[in-house]
Amino acid sequence: MTHLLRACLLLLAVTLMPARAAVYDAELPPGLMHGPDLCAFAACGDVLPGATRFSERVGNPQYVKAYAKDAKGAEQVVGYVFLSTDVVDIPAYSGKPVVTLIGMDTKGIITGVRVLKHSEPILLAGIPESALLDFIRQYVGRRGDAKLEIGHGGDGTEGLDAISGATVTAIAENQVISRSAYEIGRQVGIFTQAARPPARFTALDERLNWAQLVDSGAVTRLLVQPGDVGVAGNGPYMDLYFGYLNVPSVGKSLLGEGAWRRLMDDLKPDEHAIFVIASGQTSFKGSGFVRGGIYDRIQVRQDAQTFTFRDTDYLNLYRLQPADVPAYTESGIFIVRSANFNPAWPWTLQFLANKRDANGVKSFAHFDQPYWVPARYLEGGHPKVVEARPAWQKIWLERLPQIALFGAILLATAALYSQRDRLVRASNRKHKPWISRPRLVLWLASVGFLGFYLKAQPSVTQVMTWLHSLLHQWKWELFLSDPFIFLFWWFIIITVLIWGRGLFCGWLCPFGSLQQLMLKLGAAIGLKRFQKLLPKRLHDKLRWVKYAIFFALIGVSLFSMEQAEHLAEIEPFKTTFLVGVWNRTWPFWLFIGGILGLSLISERPYCKYLCPLGAGLALPGKFRLFGLKRKAECTSCHACQKGCGSHAIDDQGNIDQMECMLCLDCMVMYYDDHACPPLVKERKGREAKGQALTRIGADGYFVPLDRLRDSLRERATGKEVP
């Protein structure tokens with residue numbers, strides 16, 4: 001058996017050498033990301049076939065005009081090319097955006113899409129990059145303003161086939177392409193939005209102090225802590241207040257009536273004044289600002305349109321009128337000059353910053369704070385705003401029946417196990433249908449429904465992703481995009497802290513259940529006589545391998561998520577449930593075949609010795625609230641130890657809850673007076689003396705006879721026996 005285990009490890013080494021992905025974390029030249037000539041660094045002709053010349057970047061957000069000659073030889077615009085990161089900043093599952101080049105003709109039809117760089121570890125091994133390429137081909141020929149959604153529903157949207165096993169990546173890329181195309185289409189006049197009535201302010205004229213302005217929402221705060229950008233320091237990195245000054249009550253309360261009227265007299269129609277005050281470790285004006293340049297730390301966003309500020313859009317703000325204004329170190333007034341900005345609708349102030357990760361690598365980050373003029377200052381109050389439902393909510397609604405059934409299975413499992421004391425009392429060592437039958441049903445449901453159908457197999461890669469999200473940028477919507485994994489992990493977290501890892505690992509893990517079913521299959525086909533456990537001494541050494549694998553994966557992921565994802569192929573989950581063995585190469589077939597073949601004669605070999613997920617769950621399981629019961633005689637009696645398929649009971653009778661799969665066999669014996677040696681001894685002694693057999697108490701022993709006599713006397717006399 002040890003030779004087979006070594007063979008599996010050797011085979012695994014072969015599987016961990018896939019070819020490097022073509023565009024995973026590709027090094028993109030600065031000129032492509034920020035230079036004026038986008039098409040000098042990107043193959044713009046690939047996404048807009050037929051174009052013969054491309055302009056430099058224009059517009060805000062930026063795009064490139066594509067030209068071609070007509071039949072008369074005259075050059076005309078035939079479309080537009082744009083880089084997704086120039087338009088939107090939407091992270092995928094890795095927390096980083098998929099950098100995408102998109103082409104669209106003058107009618108708003110998407111002519112080509114090309115991924116230039118992604119950081120999705122799941123597309124490194126198992127799910128090839130070709131799956132992402134196949135996914136983005138679905139956009140070619142569709143309108144940029146079409147309602148494109150993952151999945152096929154009946155709500156008038158156009159359905160897209162997701163990337164099997166990488167749904168979150170597909171959702172993020174769909175938003176990247178759809179929002180980029182729509183925003184550029186709006187800017188060049190292809191797509192139009194229904195006209196919004198201009199803001200009309202009420203005649204309300206009141207004077208408010210700072211606290212009242214903040215409480216009413218007329219002044220809003222944006223706070224960024226040092227940890228949010230990966231720097232040290234005690235005070236805030238940026239503590240910023242802002243508000244809209246065109247509203248008479250707000251502007252007069254902040255500036256005073258004279259200063260406010262002078263400001264309004266200077267503003268032209270469709271110009272809007274926003275005040276900003278701030279303190280902190282950095283400046284909202286930007287240290288690199290020069291005359292004629294752009295303030296690169298502050299911008300305003302409304303819908304899909306972004307408004308930036310130049311030096312001509314900035315006015316000095318010397319003082320504010322309210323006496324209770326908090327201390328600040330810098331201030332200013334910024335002017336939005338656009339007829340497309342409508343203060344009656346909500347908008348967002350964005351603070352832009354460089355963020356350092358754990359390795360000191362800088363990345364771009366923005367921090368947003370929504371703002372909406374208080375309703376009492378607008379005639380008719382706030383207009384009705386119909387917000388698009390977040391993508392993750394649509395997924396939950398579309399899969400509500402499956403989610404309900406999935407949740408019912410989780411709750412039923414927890415409820416069943418919570419009644420374990422009753423179940424084991426109703427069983428004995430040779431006959432335990434109240435445990436074995438429900439657990440067999442759960443194993444079948446776990447493999448078939450949870451594993452192959454829902455693809456809800458938790459993985460150590462999710463642990464690594466969460467760790468990186470905590471270190472860099474946490475986004476709930478990324479994890480909510482897969483409802484089954486999201487719910488499964490909450491179930492795991494709660495049950496591990498209450499009962500230990502065994503309820504998930506032993507009862508519900510799809511791959512663990514598959515191994516258990518293989519063991520039963522082995523017994524059914526005549527291999528039962530070969531079904532043995534490794535010697536306890538060897539087991540106690542090999543079980544530490546999975547812990548070494550777990551910590552190695554976590555350590556490697558801190559330096560290279562790509563390499564960690566490659567190494568995480570030691571988990572056979574992706575091959576078995578997400579991708580399918582038939583879609584992998586022969587080393588994966590042999591690796592999975594070796595594990596399942598070994599499972600015919602050995603109970604859960606992968607769970608015991610290789611599973612990094614099990615190791616990660618075992619560690620917090622040490623602090624569980626409830627463990628299994630033991631007796632004083634367990635220190636010298638080895639009856640339970642011999643029958644423990646997990647090798648979780650040592651020579652002193654102690655249960656290692658980190659290894660226990662909660663099969664409850666030892667708990668059946670705990671109450672079985674024909675199997676537990678202390679109970680057998682007492683039962684035979686009482687029978688020899690003709691004494692009554694009392695019930696077995698929670699401590700695992702027969703209730704003492706004198707207690708039985710006292711109880712009978714109390715019933716007869718109605719008086720409590722002292």
Among the numbered conditions (1) in contact (Cβ under 8 Å) with a residue 60 or more places away in the chain; (2) open to solvent by 20 Å² or more (accessible area, probe 1.4 Å); (3) within 22 Å of A568 (Cβ to Cβ), tell me where W499 comes up short.
(3)
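Where residues in the stretch 106-132 are closer than 20 Å to A40 by Cα and surrounded by fewer than 21 Cβ atoms within 10 Å (Cβ to Cβ), which of them is modelled with the lowest pLDDT?
Start the filter on the stretch 106-132 by keeping residues that are closer than 20 Å to A40 by Cα, which leaves 111-117.
Those still in the list that are surrounded by fewer than 21 Cβ atoms within 10 Å (Cβ to Cβ) too: 114, 116-117.
Values: R114: 92, L116: 89, K117: 86.
So, considering only residues that are closer than 20 Å to A40 by Cα and surrounded by fewer than 21 Cβ atoms within 10 Å (Cβ to Cβ), the one modelled with the lowest pLDDT is K117.
Would it be correct to say that Y671 is among the aromatic types (F, W, Y), farther than 16 Å from R501 by Cβ and open to solvent by less than 30 Å² (accessible area, probe 1.4 Å)? Steps first, answer last, please.
Details: among the aromatic types (F, W, Y): yes; farther than 16 Å from R501 by Cβ: yes; open to solvent by less than 30 Å² (accessible area, probe 1.4 Å): yes.
So Y671 passes the test.
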Those residues of the stretch 559-570 which are hydrophobic (A, V, I, L, M, F, W, C) and at pLDDT below 85 amount to F559, M561, A564
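Please work out if S513 is within 25 Å of E398 (Cβ to Cβ) and among the hydroxyl-bearing types (S, T, Y). Steps first, please.
Working: within 25 Å of E398 (Cβ to Cβ): no; among the hydroxyl-bearing types (S, T, Y): yes.
Judged against the criteria, S513 is not a match.
Regarding L538, is this residue out of contact with any Asp or Glu (no Cβ under 7 Å at 6 or more places or on another chain), loosely packed, with under 14 Cβ neighbours inside 10 Å and among the hydrophobic types (A, V, I, L, M, F, W, C)? Talk me through it step by step, then tell me what you get.
On the way: out of contact with any Asp or Glu (no Cβ under 7 Å at 6 or more places or on another chain): yes; loosely packed, with under 14 Cβ neighbours inside 10 Å: no; among the hydrophobic types (A, V, I, L, M, F, W, C): yes.
Answer is no for this residue.
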Cβ-Cβ below 6 Å, separation at least six or inter-chain, first residue in the stretch 321-341 and touching a residue at least 40 places away in the same chain (Cβ under 8 Å), second in a loop (DSSP other than H, G, I, E, B) and crowded, with 18+ Cβ neighbours inside 10 Å: which pairs?
S331/L317; G332/L317; I333/L317; F334/F309
Hey, could you check the stretch 377-421 for residues that are assigned to a helix (DSSP H, G or I), open to solvent by 70 Å² or more (accessible area, probe 1.4 Å) and out of contact with any helix residue (DSSP H, G or I) (no Cβ under 8 Å at 6 or more places or on another chain) and say which is farthest from I494 (Cα to Cα)?
E398
Check E75 against each of (1) out of contact with any Ser or Thr (no Cβ under 6 Å at 6 or more places or on another chain); (2) surrounded by fewer than 21 Cβ atoms within 10 Å (Cβ to Cβ); (3) within 30 Å of T461 (Cβ to Cβ) and name the one condition it does not meet.
(3)
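Could you tell me whether Q563 is open to solvent by 20 Å² or more (accessible area, probe 1.4 Å), free of Cβ contacts under 8 Å to residues at least 12 places away in the same chain and either out of contact with any strand residue (DSSP E or B) (no Cβ under 8 Å at 6 or more places or on another chain) or more than 23 Å from F488 (Cα to Cα) (or both)?
Numbers: open to solvent by 20 Å² or more (accessible area, probe 1.4 Å): yes; free of Cβ contacts under 8 Å to residues at least 12 places away in the same chain: yes; either out of contact with any strand residue (DSSP E or B) (no Cβ under 8 Å at 6 or more places or on another chain) or more than 23 Å from F488 (Cα to Cα) (or both): yes.
Yes; evaluated as a whole, the condition is true for this residue.
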Name the residues in the stretch 609-624 that are among the small types (G, A, S), in contact with a Cys (Cβ under 9 Å, 6 or more places away or on another chain) and more than 12 Å from I493 (Cα to Cα), would you?
G614
Kindly indicate the residue of the stretch 215-261 that is of a type in the set (V, I, T) and not in a helix (DSSP H, G or I) and also surrounded by the fewest Cβ atoms within 10 Å (Cβ to Cβ) among those meeting that condition.
V231
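Here are V99, V81: which of them is of a type in the set (V, I, T), modelled with pLDDT of 95 or more and crowded, with 19+ Cβ neighbours inside 10 Å?
Numbers: V99 fails: modelled with pLDDT of 95 or more.
Testing whether each residue is of a type in the set (V, I, T), modelled with pLDDT of 95 or more and crowded, with 19+ Cβ neighbours inside 10 Å leaves just V81.
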If you check A618 against the conditions, is it open to solvent by 30 Å² or more (accessible area, probe 1.4 Å) and farther than 16 Å from H539 by Cα?
no
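Could you please let me know if P605 is farther than 13 Å from Q657 by Cα and in contact with a Phe, Trp or Tyr (Cβ under 6 Å, 6 or more places away or on another chain)?
The answer is no for P605.
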Looking at F577, F573, F591 in this structure, which one is modelled with pLDDT under 95, closer than 26 Å to L444 by Cβ, more than 27 Å from the chain's Cα centre (by Cα) and surrounded by 18 or more Cβ atoms within 10 Å (Cβ to Cβ)?
F591
All-but-one check, A146 against (1) open to solvent by 30 Å² or more (accessible area, probe 1.4 Å); (2) assigned to a loop (DSSP other than H, G, I, E, B); (3) modelled with pLDDT of 80 or more, failing number (1)
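Quick check on P343: is it open to solvent by 10 Å² or more (accessible area, probe 1.4 Å) and either at pLDDT 80 or above or out of contact with any Lys or Arg (no Cβ under 6 Å at 6 or more places or on another chain) (or both)?
Details: open to solvent by 10 Å² or more (accessible area, probe 1.4 Å): no; either at pLDDT 80 or above or out of contact with any Lys or Arg (no Cβ under 6 Å at 6 or more places or on another chain) (or both): yes.
It is false that P343 is open to solvent by 10 Å² or more (accessible area, probe 1.4 Å) and either at pLDDT 80 or above or out of contact with any Lys or Arg (no Cβ under 6 Å at 6 or more places or on another chain) (or both).
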Count of residues meeting criterion [farther than 14 Å from L508 by Cβ, in a helix (DSSP H, G or I) and under 22 Å from the mean Cα position of the chain (by Cα)] in the stretch 431-475
14
Of the residues in the stretch 27-40, those that are under 14 Å from V99 (Cα atoms), in contact (Cβ under 8 Å) with a residue 24 or more places away in the chain and in a helix (DSSP H, G or I) number 3
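Yes/no per residue for (1) within 30 Å of N60 (Cα to Cα); (2) touching a Gly at 6+ places or on another chain (Cβ under 6 Å):
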residue: V176; (1), (2): yes, no
residue: I190; (1), (2): yes, yes
residue: Q212; (1), (2): no, no
residue: R221; (1), (2): yes, no
residue: V224; (1), (2): yes, no
residue: G227; (1), (2): no, no
residue: P236; (1), (2): no, yes
residue: G251; (1), (2): yes, no
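Just checking, does the stretch 630-644 include any residue being under 34 Å from the mean Cα position of the chain (by Cα) and open to solvent by 10 Å² or more (accessible area, probe 1.4 Å)?
Initially, the stretch 630-644 is screened for residues under 34 Å from the mean Cα position of the chain (by Cα), giving none.
No: zero hits.
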Taking E659, is it at pLDDT 90 or above, part of a loop (DSSP other than H, G, I, E, B) and surrounded by 12 or more Cβ atoms within 10 Å (Cβ to Cβ)?
yes
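Consider A353 carefully, then state whether it is crowded, with 17+ Cβ neighbours inside 10 Å, at pLDDT below 80 and not hydroxyl-bearing (S, T, Y).
Numbers: crowded, with 17+ Cβ neighbours inside 10 Å: yes; at pLDDT below 80: no; not hydroxyl-bearing (S, T, Y): yes.
The answer is no for A353.
Scan the stretch 189-210 and tell me whether some residue there is part of a helix (DSSP H, G or I), buried (at least 16 other Cβ atoms within 10 Å of the Cβ) and touching a residue at least 40 places away in the same chain (Cβ under 8 Å).
Just the residues of the stretch 189-210 that are part of a helix (DSSP H, G or I), to begin with: 210.
With buried (at least 16 other Cβ atoms within 10 Å of the Cβ) added as a condition, the list becomes 210.
Among the residues that remain, those that are also touching a residue at least 40 places away in the same chain (Cβ under 8 Å) are: 210.
Scanning the stretch 189-210, I find at least one residue that is part of a helix (DSSP H, G or I), buried (at least 16 other Cβ atoms within 10 Å of the Cβ) and touching a residue at least 40 places away in the same chain (Cβ under 8 Å), so the answer is yes.
The values are calculated or read from the model by the stated rules, or taken from the named source; none is laboratory data. These figures come from a predicted structure and were not determined experimentally. Here Cβ is always computed from backbone atoms with ideal geometry, including for glycine, and neighbour counts include all displayed protein chains. Just the protein is used for accessible areas: all its heavy atoms, side chains included, with ligands, DNA and RNA removed. Shrake-Rupley method; radii C 1.70, N 1.55, O 1.52, S 1.80 Å.
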